[in-house]
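To start, the structure under review is shown below, and the notes come after it.
The values are calculated or read from the model by the stated rules, or taken from the named source; none is laboratory data. The structure presented is a predicted model; accordingly, all values stated were derived computationally and were not measured. Positions of Cβ are backbone-derived with ideal geometry, glycine not excepted, and every protein chain shown enters the neighbour counts. The area values use the complete protein model at the heavy-atom level, side chains included, leaving out ligands, DNA and RNA. Shrake-Rupley method; radii C 1.70, N 1.55, O 1.52, S 1.80 Å.
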Amino acid sequence: MTKKGIALVSVLVAMVAVLMMALGMSYLAEANLSTGRNLAQQAVARQRAEAGIDHALAYLRVNPNFAETRSVSGNGYTGTITPLVPGEKYRIESTGTFQQARHAAVAEVRIEVIPTQRQNPLFGNGWISGGRITVNGGVDLHASRLHADKGYANLSGQIQVCDENGQKCKNLNQVSPPPITGGAGVGDTQCNASGTNRRVVCQGNQPRYQVCPVYQQPSDPTFTCQDAITGEIKRWDQAYRITTPNVNNLSEQALGVRVPSVIPDARQKNLCQVEFTSLDPGQPTELTRFLIARNVTPVGNDTNTLLRQVLPLLSGLRVCVQGNVTLPGGTTLNSATFYVGGTFQVNGSANLQDVKVAAQGGLNLGDVQATNSKFFTNGNINLNNDALFQGDSTIASIQAITFNGRANLLNNRALAIISQGDITFNGRADTHAFMWAGGQITFNGTGTFIGGAVSIGGTIRNGGGQFSIRNSNAENSDLPQIETDGGPAPRVTFRR
């Protein structure tokens, strides 16, 4: 064979080999595509079968009791609900299909009464106290009430009972029974009123109308009385009651830290995304380093200027500050969380949206405008007359909360003001809020109060003129929740 013949044969052999390899790769690619299509079809079929289970669960939520098999169907699935024990236990079988794929899903379900949560109704009814209520001046009760476990002091001014709109007002002696009660079975009670008020509210030195105590404990552990909310006769400890606020628990639930140990807790739980020694106004080196890390050119070395550059960049971050934080006027922050070892202060007006603060040293909130924001501290809280809160907002202190000057908070619908100590309003108090104090709540001046003032130590109103109190149906997530009887609902015990 010539050299040309050998070369031709070699070329033909190589071409055949390449062709065989190409055919093999083609068959492999086709097989992969087929496998991919099958997997995709099976995934869709599985999703449809699971959708049938969810459809059946939704059906059981509305129809939790039947004795015969029911069917459900939808886009690519059919299912059956078979009673195993009617009204108690059911089996769900669902089949999902997509093109050539088919998948079966199964679940077993028990019907149970699942408790629902709602705010303790003692919040929002007016002024409720485990101590005494003292009123130096007049009071208008707009669809609200007064309750004091230990009675009343100095009910001498005009007391009127009106509807929720402040209309159809009647004097106290024209209402029977009046919405002013004391704690039944409680020792050390007092009722000190004068004029018509005494005849209507007091019977000797005891409140005339008595219901179950909301905080105090009767000497008789089996004592029965009328529930302050429902009017039902119950044993005292089964009626609606209030507890002492625990700011540490509230702070841990909202921010994950206790307020006496903010920075140690935040570090231990790896909550700090960025740390500063201080933001009051801070250290130039730290502020500059923070800006450069975020590709922002620092403007000079002036600390106040650097701080104004840094603050907008903190939105969305969890910020740990060993010392103090002071927000200058004009600050705007969104979705920032501050863990502060010192004090947190607002100088001038600041607009805060979804901002959370835990401060070990105290809070001075100045002209803060806060929406859906929460503030917790181990120290005192001081606010001035331009503070404004909206949405589901909370200010909470282990020490005391003081409003200096007129409190104009009527635009809010769910503000919680919580103190393990006292809450004090100095000046006219126009407020829509829920207050919860371990000590006393004091209003020094006139005003309009909407919501609820719940205190362990007592409530005091000082000042001339009328002070109107209105109830509220608003709710706040940091106030005590109670379980109520929910309707029967399905609980999945097995699913595959």
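Side notes on the structure shown:
- Some residue of the stretch 341-357 being under 20 Å from Val247 (Cβ atoms), out of contact with any Ser or Thr (no Cβ under 9 Å at 6 or more places or on another chain) and of a type outside the set (A, V, I, L, M, F, W, C): yes
- Hey, Ala370 within 28 Å of Thr285 (Cβ to Cβ) and buried (at least 18 other Cβ atoms within 10 Å of the Cβ) or not: no
- Lone unmet requirement of (1) at pLDDT below 85; (2) within 25 Å of Gly391 (Cβ to Cβ); (3) in a strand (DSSP E or B); (4) open to solvent by 20 Å² or more (accessible area, probe 1.4 Å) for Thr402: (1)
- Any hit, the stretch 64-81, residues being of a type in the set (Lys, Arg), assigned to a strand (DSSP E or B) and within 35 Å of the chain's Cα centre (by Cα): no
- Pairs linking a residue in the stretch 312-332 that is in a helix (DSSP H, G or I) to a residue that is open to solvent by 50 Å² or more (accessible area, probe 1.4 Å), with Cβ atoms under 6 Å and 6 or more positions apart or on different chains, are Leu313/Arg294.
- Being open to solvent by 40 Å² or more (accessible area, probe 1.4 Å), at pLDDT 95 or above and over 18 Å from Phe375 (Cα atoms) is a property that Gln268 has.
- Against the test of being touching a strand residue (DSSP E or B) at 6+ places or on another chain (Cβ under 6 Å) and either surrounded by fewer than 12 Cβ atoms within 10 Å (Cβ to Cβ) or modelled with pLDDT under 75 (or both), the options Ala22, Ala14, Ala67, Ala49 yield a single qualifying residue, Ala67.
- Selection of the stretch 315-326 for residues being within 22 Å of Ala387 (Cα to Cα) and either touching a Lys or Arg at 6+ places or on another chain (Cβ under 9 Å) or modelled with pLDDT under 95 (or both) yields only Ser315.
- Condition check for Gly464: on the phi < 0 side of the Ramachandran plot, at pLDDT 90 or above and not aliphatic (A, V, I, L, M): no
- When the stretch 81-109 is filtered for residues that are hydroxyl-bearing (Ser, Thr, Tyr) and surrounded by 16 or more Cβ atoms within 10 Å (Cβ to Cβ), the ones remaining, listed by number, are Tyr90, Ser94, Thr95, Thr97.
- Ala350 open to solvent by less than 10 Å² (accessible area, probe 1.4 Å), over 18 Å from Pro312 (Cβ atoms) and among the small types (Gly, Ala, Ser): no
- Residue in the stretch 416-438 that is touching a His at 6+ places or on another chain (Cβ under 9 Å), open to solvent by 20 Å² or more (accessible area, probe 1.4 Å) and not aromatic (Phe, Trp, Tyr) present: no
- The stretch 293-311, subset open to solvent by less than 70 Å² (accessible area, probe 1.4 Å) and part of a loop (DSSP other than H, G, I, E, B), residue farthest from Ile263 (Cα to Cα): Gly300
This table checks each residue for (1) farther than 21 Å from Val161 by Cα; (2) of a type in the set (A, V, I, L, M); (3) not in a strand (DSSP E or B).
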residue	(1), (2), (3)
Met435	yes, yes, no
Phe443	no, no, no
Gly452	no, no, no
Thr459	no, no, no
Asn462	no, no, no
Asn476	yes, no, yes
Leu479	yes, yes, yes
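- Single match in Ser73, Ser94, Ser34 (criterion: modelled with pLDDT under 90 and on the phi < 0 side of the Ramachandran plot): Ser34
- Residue-level analysis places Gly124 among those that are open to solvent by less than 20 Å² (accessible area, probe 1.4 Å), touching a residue at least 40 places away in the same chain (Cβ under 8 Å) and part of a loop (DSSP other than H, G, I, E, B).
- Some residue of the stretch 419-431 being under 17 Å from the mean Cα position of the chain (by Cα), over 28 Å from Ala153 (Cα atoms) and not in a loop (DSSP other than H, G, I, E, B): no
To keep it simple, each residue is scored yes or no on (1) open to solvent by 40 Å² or more (accessible area, probe 1.4 Å); (2) touching a Lys or Arg at 6+ places or on another chain (Cβ under 9 Å); (3) in a loop (DSSP other than H, G, I, E, B).
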site	(1), (2), (3)
His147	no, no, no
Ala153	no, yes, no
Val161	no, yes, no
Glu164	yes, yes, yes
Lys168	yes, no, yes
Asn173	yes, yes, no
Pro178	no, yes, yes
Gly182	no, yes, no
Val186	no, yes, yes
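- Total residues in the stretch 200-229, condition farther than 16 Å from Gly131 by Cα, open to solvent by less than 70 Å² (accessible area, probe 1.4 Å), touching a helix residue (DSSP H, G or I) at 6+ places or on another chain (Cβ under 9 Å) and not aromatic (Phe, Trp, Tyr): 5
- The condition (being without any contact (Cβ under 8 Å) to a residue 40 or more places away in the chain and on the phi < 0 side of the Ramachandran plot) is satisfied by just one residue among Asp149, Asp163: Asp163.
- Scanning the stretch 230-252 for residues that are among the hydrophobic types (A, V, I, L, M, F, W, C), out of contact with any Leu (no Cβ under 7 Å at 6 or more places or on another chain), open to solvent by less than 70 Å² (accessible area, probe 1.4 Å) and not in a helix (DSSP H, G or I) yields a single hit, Ala239.
- Arg110 vs. criteria in contact with a Lys or Arg (Cβ under 7 Å, 6 or more places away or on another chain) and within 30 Å of Leu57 (Cα to Cα): yes
- Residues that are surrounded by fewer than 19 Cβ atoms within 10 Å (Cβ to Cβ) and either of a type in the set (A, V, I, L, M, F, W, C) or part of a strand (DSSP E or B) (or both), drawn from the stretch 464-473: Gly464, Gly465, Gln466
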